[in-house]
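One structure is given below, encoded as structure tokens.
The values are calculated or read from the model by the stated rules, or taken from the named source; none is laboratory data. This one's a predicted model, so the numbers in the text were calculated from it and none came from an experiment. With ideal geometry, Cβ positions are generated from the backbone for all residues, glycine too; neighbour counts draw on all protein chains shown. These area figures cover heavy atoms from the full protein model, side chains too; ligands, DNA and RNA do not enter into them. Shrake-Rupley method; radii C 1.70, N 1.55, O 1.52, S 1.80 Å.
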Amino acid sequence: MFWDKKIETLKTDDLQALQLKRLKKTISQAQKVGFFKKRLSDAGITASSIKTLDDIQKIPFTKKQDLREGYPFGFFAVPLKEIVRIHTTSGTTGKPTVVGYTKKDLDVWADLIARNMTMVGVGKEDIFQNMVNYGMFTGGLGFHYGAEKIGMTVIPSATGNTKRQIEMIRDFGVTTIHCTPSYAMHLSEVAEEMGESLDSLKTGIFGAEPWSESVRHSLEKRLGVTAFDSYGLSELFGPGVAFECKERNGLHIWHDSYLVEIIDPNTGERVSDGERGELVVTPLVKEAMPLLRYRTGDVTMLIEDGCLCKRAQKIARITGRSDDMLVIRGINVFPSQIEHVLLKIPEVGNQFMVYIDRINYLDEMTVEVEINRDFFSGELTDLAKIQKKVGKELRDSLELRTTVRLVEPGSLPRFEGKAKRVIDRREVI
Ligand code: DLL
């Protein structure tokens, strides 16, 4: 059940010594990035001024918005020729957040995924269907190489064509699946309609978006799997940051690789033990793109009271965000990105509303935007053209299908205080 037993069960003293050594190395690596060089020098910090792990609190936080300043490659600490892969994830406006990997990073990342998957009891004899996007999203290739490293038989089925996915599970005797929990719900419904019982399935790994215990129970019943929660974000390699073990009571975070803090998102101070707050992570093993005290925006708490599996500290299931990021079918969307797209389309105004619903277990996003009278002749064909254009621009930018509703100028609410443009009507979890 261990991929790397020694490192996974390190005693506290040894672990802290390793963390401190790696933290100093990470600071030195970060100093090769202009942004961090200036930040650290302004704060008077060098690797040698960090004497204890608590000294990390002297380092300023890094936020997603900061990464914008370096778009596209300004956060790389190695020459571009050392970068062997690039992924992206949503940025807060028009440009995505770029992440880069050296060969060593890819190896370390695959190892972390291998640790996680071994922890849930899958191995060489398992047949693994990876039903997530294989493009810029880190979930596809991230899991792919981790599973291959273990020696599993990998089916890179990616997303879409649910009936075909179900046929592959049946015909290839798939034992382990990976997808978003909402896609898993959809898959189970289609399997039921097809009269397929998917008896070969044993393990379901679900992540990339928030989900609940009730969804877990439902998936386990309908798909006949044991369901595990998997958490990660592109800026920290991707999936593999934290993962449930067989106890399924919190997600283990790999302390030799990620130093974690929980802060009050408003004050930036650490919260007391057992309190919820925003997860802040300093990755300790990244070469191409080191980060210091990265604010994930995800809300959770530390679980310190040990685990039957003998691995260290855990975090609780992610219960929300400390910012306005939405996770829709596993894709991250910031309202500011939508605004950015709409502002560039003269046929529509700059007031908009976003509605999120869950239909047949899948998230659907509707954007309502006011038509600009100067571009509207009154012809219905005009309306259809504009609607199509807005839908295409949103899809190209967000990589998400969106329903667009054009409304009369002046009919959407105006906000005097903080605008509340998003109405999330998905069931509360
Ligand atoms: O979602 C990486 C990933 C792929 C994780 C596959 C797990 C499985 P991003 O696209 O950068 O990376 O999105 C990261 O998604 O900050 C959370 O808000 C959310 N998220 C990821 N996993 C979970 C989870 C991938 N298990 C953002 N529960 C994160 C709740 C999650 N939210």
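In terms of Cα to Cα distance under 17 Å, which lysines are near enough to Lys388, apart from those fewer than 8 places away along the same chain?
Result set, ordered by chain and number: Lys344.
Amide H of Asp363: which non-local residues (sequence gap of 5 or more, or other chain) have their own amide H closer than 5 Å, using H built in the peptide plane?
Amide H to amide H, under 5 Å and 5 or more residues apart or across chains, Asp363 pairs with Arg329.
Could you give the accessible area per residue of the chain, probe 1.4 Å, as a whole number in Å²?
About 45 Å² of surface per residue is accessible.
Out of residues 5 or more away from Tyr258 or on other chains, whose amide H comes under 5 Å of its own, with H placed 1.01 Å from N in the peptide plane?
Long-range HN contacts for Tyr258: Leu284.
How many nm separate the modelled label positions at Lys124 and Glu408, each set 7 Å beyond the Cα in the direction of the Cβ?
7.1
Taking N as the number of residues in the range 1-323, what value does Rg over Cα atoms divided by 2.2 N^0.38 Å take?
Here the Cα radius of gyration is 1.00 times the empirical estimate.
Each residue of the range 252-257 in turn: what ³J(HN,Hα) in whole Hz from Karplus with 6.51, -1.76, 1.60 and θ = phi - 60°, glycine and Pro shown as x?
6, 10, 7, 6, 6, 10
Lys/Arg Cβ at +1, Asp/Glu Cβ at -1, dipole of the range 273-380 taken about the Cα centre: which of Met289, Leu380, Thr319 is farthest positive-ward?
After comparing all options, I get Met289.
Roughly how big is the chain's charge dipole about its Cα centre, with Cβ charges of +1 (Lys, Arg) and -1 (Asp, Glu), in debye to the nearest 20?
With only Lys, Arg, Asp and Glu charged at Cβ, the dipole is about 1180 debye.
Highest mean first, how do 141-147, 394-400, 383-389 rank when packing is the count of other Cβ atoms within 10 Å averaged over residues?
By packing density, highest mean first, the sequence is 141-147, 394-400, 383-389.
Using 28 Å as the Cα-Cα cut-off, could you pick out the over-long pairs in Lys163/Lys246; Lys32/Lys104; Lys104/Lys392?
Cα-Cα > 28 Å for Lys163/Lys246; Lys104/Lys392; rest within.
So, counting K/R as plus one and D/E as minus one, what does the shell of residues with Cβ under 12 Å around Glu287 add up to?
Taking every other residue near Glu287 into account, the sum is +3.
For the pair Ile86/Lys5, report the inter-label distance in nm, with labels modelled 7 Å from Cα in the Cβ direction.
4.3
Please report the carbon-and-sulfur percent of the accessible area for the chain; probe 1.4 Å, protein heavy atoms only, DNA, RNA and ligands left out.
50
Taking a cut-off of 20 Å between Cα atoms, list the aspartates and glutamates near Lys418, but don't count ones fewer than 8 places away on the same chain.
Output for Lys418: Asp323, Asp324, Glu339, Glu368, Glu370.
In nm, to one decimal, how far is the modelled label at Glu193 from the one at Asp264, with both set 7 Å along Cα→Cβ?
In this crude label model, Glu193 to Asp264 measures out at 5.0 nm.
Looking only at Asp323, Asp229, Asp305, which one moves most when the chain is put into a Gaussian network model with springs between Cα atoms under 10 Å?
Sorting by GNM fluctuation, first place goes to Asp305.
Round to a whole angstrom and tell me the spacing of the C-alpha centers of the range 320-364 and the range 1-65.
Going from one Cα centre to the other spans 35 Å.
Rounded if a/c is under 1.5, else prolate if a/b is larger than b/c, else oblate: which is the range 1-43, with a ≥ b ≥ c the root eigenvalues of its Cα gyration tensor?
Because a/c hits 1.5 or more and a/b exceeds b/c, the range 1-43 counts as prolate.
Using just the helices of the chain, give the 222 nm mean residue ellipticity in deg cm²/dmol: DSSP H runs with n ≥ 4 each add -39,500 (n - 2.57), and the total is spread over all residues, rounded to 500.
-9500 deg cm²/dmol
Among Leu219, Leu362, what's the order by accessible area (1.4 angstrom probe), most exposed first?
Leu362, Leu219
Check cross-link reach from Lys221 to the aspartates and glutamates: straight Cα distance under 17 Å, and skip same-chain residues fewer than eight apart.
Glu189, Glu192, Glu193, Glu196, Asp199, Glu213, Asp229
Would you please give the residues with an amide H less than 5 Å from that of Gln313, counting only those at least 5 places away or on a separate chain, with H modeled from the backbone geometry?
none
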